[in-house]
Every structure is written in structure tokens, then in C-alpha cells.
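Scroll down for the structure; my scribbles are underneath it.
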Amino acid sequence: MQKSKNKKKSIFERLNILIKHPHKKKNKQLLHTIEWVFILLAFFAVGLPVIYYQSTGKIFGGEKLAYIGKNGTEAPTLEQKKFIGETVLEPVDTTAWDIYRNQWYGFEISHPDSWTSMQYKTASAKSARYETVYQFRKEAPDENDPYVGFDVAIYSTGKMESPNQTNEVKKKDDAPENTSECYFSEEMTLGQENNAFQQVSVREGNACYESTYFFSITKDNYLYNVVPVFKDGADVPVNIGEDVSKNFPEYKEAVASLKFIPIERPKVAKNPSKPRISARRPVSAKVVGGRLVCAKKNDKPGKSQNGNKPGHMDMECCLDPDETPNPWCTYSNPKYDKYLK
């Protein structure tokens, strides 16, 4: 027992001497020994957790997950996104979608086959800069679904050179005169044809413009805006683009499906047995089987709100008692029979 105490005392005495005189020649060997002890302890403190982490990673689901920043060369896989809890949207099946072709403006675009037939409206108000807007709508949107479909708005490049001049971009009343710093557009390639769209995105709080989000592309003499449409009264999110990606994935698929086709417009008929229709084409209507019909649900014929004089032309294919039938329209509903002349 006495020897053990003497031994311990001897160790403490040597340590005390080492602290007071670390550079003495006889203390250098002990100093090197202590340095190696610390090196070994550091190795075990750092190395063992790494080895354990790698081995358990292989046991419980393969290799470890690596965080890759914006400048990384690799994107996380679908399995990695799900593992770290990131929201992953299921791919949209577009194999059964319907294709709408428009030879007048030379484009085609796909939409879910369950949606209602396409409607259109031509510019009538002085504030309208578009030529025609084609409306694609869901059959029966869910009550909690803020999106009813999308529009394809057509503009002449002779009048509108860029998306920021179109009706979809609304400048605020108190906007500064110089709007060059209110950047809101970037080029994005979408679709199998690698169409170069302009992605226009204005978030809430922009100093120059109201919130909006859509894709725009120019081809020859026309500019085409494909715009998601909110339900009347729906709350517009702060970041519309982000919300559309989460809650309206069909929209971006529709944009990517847009293709250009040759423009073909009917020529004036030379056959006198088929005279050319001289009446003005309806301002708005629904296209069903190539025919123009009334787009209003449960239309109830009454006094027209559009005309000041009896006998004016019907411009919606929804015939009223004081209107003249439009030869462009098809009045297949029996409720219009008594007004047909």
C-alpha cells in the first residue's frame, strides 16, 4: 500500500516538474508520450462516430444523404427528397389528355379530357389589348380548389412587343416612373420542342406591378400568354408560381404541351351557292363539335343588356327576344326556337 502511494506521488511529482520545466532534456521523452496519448484520444473521439454513421447508414437504407447546395452539380434523388421530408408531387398523367388545335393562330395545346369544351372571347372593351382569349376550364372544380383552369391570350406583336405590355401585367397606380428595377421575367425552356418561354412572375409587394404569374412565348406575328385562372373571390397567394406548382400541376404540363402548327385561314368562297357570311363573328361563345353555341349555363332568354335598340345582332350565341340570330351561331336548344326568324 505504501509502495502504491509512493508511486502515485512519484507520478504527480514528475508531472509537476514537467509543467515547471518542460524544456529540460530528461522531460522530453515524457512530453512526447503525453502528446501521443492526446493524438490517440482525438482519433478515437472523431473517427469512431464517422465509422459508426457510415456502417449504420448502409444497414438502414443505403448510403448516407449528402446536402447539395445551389452550386452543387447533382440534384437530390426522389428517394432522398422523400427521406428528408421534402414535398414531392406525383407526376401528372397526360396520356389521355385532349388536344385543342387552332389553325387561325397556329397553335395546339393539351388539357385534361374531363374539362369542358373550350370557350373564347374577342376584344371588345377599349382596355383590352388582346385579339382573342381562349378559355379552358375544369368541369367541376372542388370547393377548396382556387383554380378553374387556364387561358391562352393572343396578342399581335405589331402592338405588343413584350409580355409586360399585355393585359396580364397590371401596373400599380403609385408605381415609380422608372420600372427598370422591377425585374420580373426570366427565360425558361419547356416542352419537347424546347420552346423558350418567358416566365413572368410578380410576387406580392412588388413596387411596380400587381401580383401575377404566367408563361409567354412569341412566334412570328403573335405573342401567346398561357395564364392560370383563379376562381372568382379566391385569395391570391403571395407567391403564385410556387402555389401553382403545388396545387395546380396540370397548368405547367399544359404549357409544356404547347406546339406551333402552320397558320391556315379560310379563303373567301368563290362559289355563289355558298355566300360568305358578312355578319360580325360573336364576341364570346362556346365551341362544341366545331360549332359556336351559347357558353352560359342555364341561359334564360330575356331582354338583352348589350343593345340599345330592338333587332340588334346576337353577339354571344345566347339569343334574346329583342335580338337577331347570328348566322355564325348554332341555336340547338329548343328554348330559342320561338325567337328564331
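The values are calculated or read from the model by the stated rules, or taken from the named source; none is laboratory data. A quick note: this is a predicted structure, and the numbers were derived from the prediction, not measured. Here Cβ is always computed from backbone atoms with ideal geometry, including for glycine, and neighbour counts include all displayed protein chains.
A few remarks follow.
- Residue match in the range 301-324 (condition: in contact with a Leu (Cβ under 7 Å, 6 or more places away or on another chain), surrounded by 16 or more Cβ atoms within 10 Å (Cβ to Cβ) and modelled with pLDDT of 85 or more): yes
- Pairs with Cβ under 7 Å, 6+ apart, first in the range 313-341 and within 14 Å of residue 293 (Cα to Cα), second assigned to a loop (DSSP other than H, G, I, E, B) and hydroxyl-bearing (Ser, Thr, Tyr): 319/331; 320/304; 325/331
- Residue among 165, 198, 192, 135 that alone is buried (at least 17 other Cβ atoms within 10 Å of the Cβ) and either of a type in the set (Lys, Arg) or over 30 Å from residue 294 (Cβ atoms) (or both): 198
- Listed by first and then second residue, the pairs linking a residue in the range 169-183 that is farther than 14 Å from residue 204 by Cα to a residue that is assigned to a loop (DSSP other than H, G, I, E, B) and at pLDDT 85 or above, with Cβ atoms under 6 Å apart and 6 or more places separating them unless they lie on different chains, are 179/208.
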